[in-house]
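> A single structure is presented below for examination.
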Amino acid sequence: MTAPTLDLTATSAALTRALCDIDSVSDREGPLADAIEAAVQAVPHLTVTRVGDTVVARTDLGRDRRVVIAGHIDTVPINDNLPTRDIEVDGEPHIWGRGTVDMKAGVAVQLKLAAELAEPVVDLTWIWYDHEEVGEDQNGLRLLAETHPELLQGDFAILGEPSNGHIEGGCNGTLRAEIRTRGVRAHSARAWVGHNAIHDAAEVLQVLQSYRPRQIEVEGLVYREGLNAVMISGGVATNVIPDECVVQVNYRFAPSRSLEEATAHVVELFEGFDVRVIDAAPGARPGLDAPLAKEFIEAVGVTPQPKYGWTDVARFWGLGIPAVNFGPGDPSKAHADDESVPVAQIVATEESLRTWLSPA
């Protein structure tokens, strides 16, 4: 089977189709990483480093400022939504298919500009990384930060996550916790000699039902929080009173709260229950007062908005690098089976970045 290749002279829309048609569901990014590496290796003004299935391409022009622009190359599983095809939505041309929104259209724009911007006004580090859609322990950007932190250094970062072509500052933090109730097993015909743990979960659900999430302003952007049950499990057999029930909750919290504060909030809400945090990641403050952020906002000419979901901008924030989300595609279509991206947004995103990064 012929190895896939990429033509960086193609339009960013054509590159989007090509990238999406190379299957790169998490754990299968190798062939796409190979194609990206080969394509950027041929660009004379870039220095290329490969770390696992993450590809880093840098300019070294001696500029006094450096911008990091990153995007992940993996997707969630395919569900009869590849190969890509051209469609119209409300009369506007779209590219339909897995990965078009999350986030290969953004990666296409980045690859196109990486090849063409030989003399940008700042030095650039382009990063295309693997395993974003799975566990934190596999995330290619996290592994790059641990093994080659020098490659992530910069004064400002842009993550090409879908944002409808708007600038989305920072991101909410996320925490998942198990709320466990315990009972006593018994035969269901003699329920009075046992204690039903599933019934006790009603109190947990009542806390969630009555919870009123906050809207918190952070550096001028208003973040919406959320606390929701996302999974529930319990029961042994249909004739046994259950001795355990677990309600898994997901707390999305504003970047004004630390992980420790978010954890304390959840523990306090469910006082008296067995609470165990199983996964958590801090949010990122907007950082829109950074000089390069201000310049970028002015160049794009849009009003920044908050990012409600968690993204890897939090990883840059943790390294002391202000970062924003900026990419084509409607975030509500990410992971959807009818995922599609407006061609006009791909073009506009490319033009905005090109204008900002090119000499006047």
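Only the coordinates and a few stated rules stand behind these numbers; no lab work does. Model, not experiment: these values are computed from the prediction. Glycine also receives a Cβ, built like all others from the backbone with ideal geometry; neighbour counts cover every protein chain displayed.
> Which whole-number percentage describes the relative contact order of the chain, with Cα contacts under 8 Å and a sequence gap of 6 or more?
Values: 839 pairs, mean separation 82.7, N = 360.
Once normalised by length, the contact order is 23 percent.
> Relative contact order for the range 1-147: what percent, with Cα pairs under 8 Å and sequence separation of 6 or more?
Numbers: 266 pairs, mean separation 45.6, N = 147.
Reported as a whole number, the value is 31 percent.
> What percent antiparallel are the DSSP beta bridges of the chain, to the nearest 5?
Working: 52 of 69 bridges.
That works out to approximately 75 percent antiparallel.
> Ala157's amide H: which non-local residues (gap 5+, or another chain) put their own amide H closer than 5 Å, with H modeled 1.01 Å from N in plane and none for Pro or chain starts?
Correct list: Val68, Ala323, Val324.
> May I ask you to evaluate 6.51 cos²θ - 1.76 cosθ + 1.60, the Karplus curve with θ = phi - 60°, for each residue of the range 110-119 and list the ³J(HN,Hα) values in order in whole Hz, giving x for glycine and proline?
Result, ordered by residue: 4, 5, 4, 6, 4, 6, 9, 8, 7, 10 Hz.
> Tilt of helix 197-210 relative to the longest C-alpha principal axis of the chain, in degrees (0 to 90, nearest 10)?
50 degrees
> Find how much the distance from Ala264 to Glu136 grows on full extension, using 0.36 nm per residue of separation minus their present alpha carbon separation; answer in nm with one decimal.
On the way: separation 128, 0.36 × 128 = 46.08 nm, distance 2.20 nm.
Contour length minus the Cα-Cα distance gives 43.9 nm.
> Search the structure for amide H atoms under 5 Å from the amide H of Gln305, placed 1.01 Å from N in the peptide plane, and list their residues when 5 or more places away or on another chain.
Result for Gln305 returns Ile167, Glu168, Gly169.
> Another question, then. Give the long-range amide H neighbours of Thr75: residues separated by 5 or more places, or on another chain, with amide H under 5 Å away, using H modelled in the peptide plane at 1.01 Å from N.
Ser24, Val25, Ser26
> Using a Gaussian network model on the chain with a 10 Å cutoff between Cα atoms, which of Gly235, Gly226, Gly99 fluctuates the most?
For the chain, modelled as a Gaussian network with Cα springs under 10 Å, the answer is Gly235.
> Using only DSSP helix segments of four residues or longer, with each worth -39500 (n - 2.57), what per-residue ellipticity at 222 nm results for the chain after dividing by its residue count and rounding to 500? Write out the running numbers ahead of the final one.
Numbers: 9 runs with 97 residues, N = 360.
Taking each H run of at least 4 residues, the total per residue is -8000 deg cm²/dmol.
> Let me ask something else. Got a sec to turn the phi values of the range 260-273 into Karplus ³J(HN,Hα) couplings, 6.51 cos²θ - 1.76 cosθ + 1.60 with θ = phi - 60°, whole Hz, x for Gly and Pro?
For the range 260-273, the Karplus curve yields 5, 5, 5, 5, 4, 5, 5, 4, 5, 4, 10, 4, x, 9 Hz.
> Now for a different question. Ranked by Cβ crowding within 10 angstrom, fewest neighbours first, how are Ser332, Ser26, Ser210, Ser163 ordered?
Sorted ascending by nearby Cβ count, the order is Ser210, Ser332, Ser26, Ser163.
> Could you sort the peptides 286-295, 59-68, 321-330 by per-residue average Cβ neighbour count (10 Å cutoff), highest mean leading?
Values: 286-295: 17.5, 59-68: 15.8, 321-330: 26.7.
Listed from highest to lowest mean packing, they are 321-330, 286-295, 59-68.
> Sticking with this one: What nm value, rounded to one decimal, do you get for the distance between Glu217 and Val347 when each label is placed 7 Å out toward the C-beta?
So the label points at Glu217 and Val347 sit 3.9 nm apart.
> Could I ask something else about it? Determine the shape class of the range 103-145: with a ≥ b ≥ c the square roots of the Cα gyration tensor eigenvalues, call it rounded for a/c under 1.5, and otherwise prolate if a/b is greater than b/c, oblate otherwise. It would help to have the intermediate numbers written out before the result.
On the way: a/c = 4.52, a/b = 1.91, b/c = 2.36.
It is oblate, given that a/c is not under 1.5 and a/b is not larger than b/c.
> At what distance in nm do the modelled label points of Gln209 and Arg224 sit from each other, each positioned 7 Å from its Cα along Cα→Cβ?
2.3 nm
> Quick one: if you stick a label point 7 Å off each Cα along the C-beta vector at Asp337 and Val240, how many nm between them?
So the two model labels end up 3.5 nm from each other.
> In what order do Arg98, Arg212 fall by count of nearby beta-carbon atoms within 10 Å, going from fewest to most?
Details: Arg98 26, Arg212 6.
Ascending number of Cβ neighbours within 10 Å: Arg212, Arg98.
> Classify the range 212-290: rounded, prolate or oblate, from the alpha-carbon gyration tensor (a ≥ b ≥ c, eigenvalue square roots; a/c under 1.5 rounded; otherwise prolate if a/b is larger than b/c)? Before the final figure, lay out the partial values.
Values: a/c = 3.25, a/b = 2.93, b/c = 1.11.
In terms of gyration-tensor shape, prolate.
> Right, next: Which whole-Hz ³J(HN,Hα) couplings does the range 143-150 yield from phi under the Karplus relation 6.51 cos²θ - 1.76 cosθ + 1.60, θ = phi - 60°, glycine and proline marked x?
5, 5, 5, 7, 9, 9, x, 5
> Please give the peptides 108-115, 76-83, 350-357 ranked by average Cβ packing (other Cβ atoms within 10 Å per residue), highest first, as a rough proxy for protection. Numbers along the way, then the final one.
Numbers: 108-115: 25.9, 76-83: 13.5, 350-357: 17.9.
Per-residue mean Cβ counts within 10 Å order the peptides as 108-115, 350-357, 76-83.
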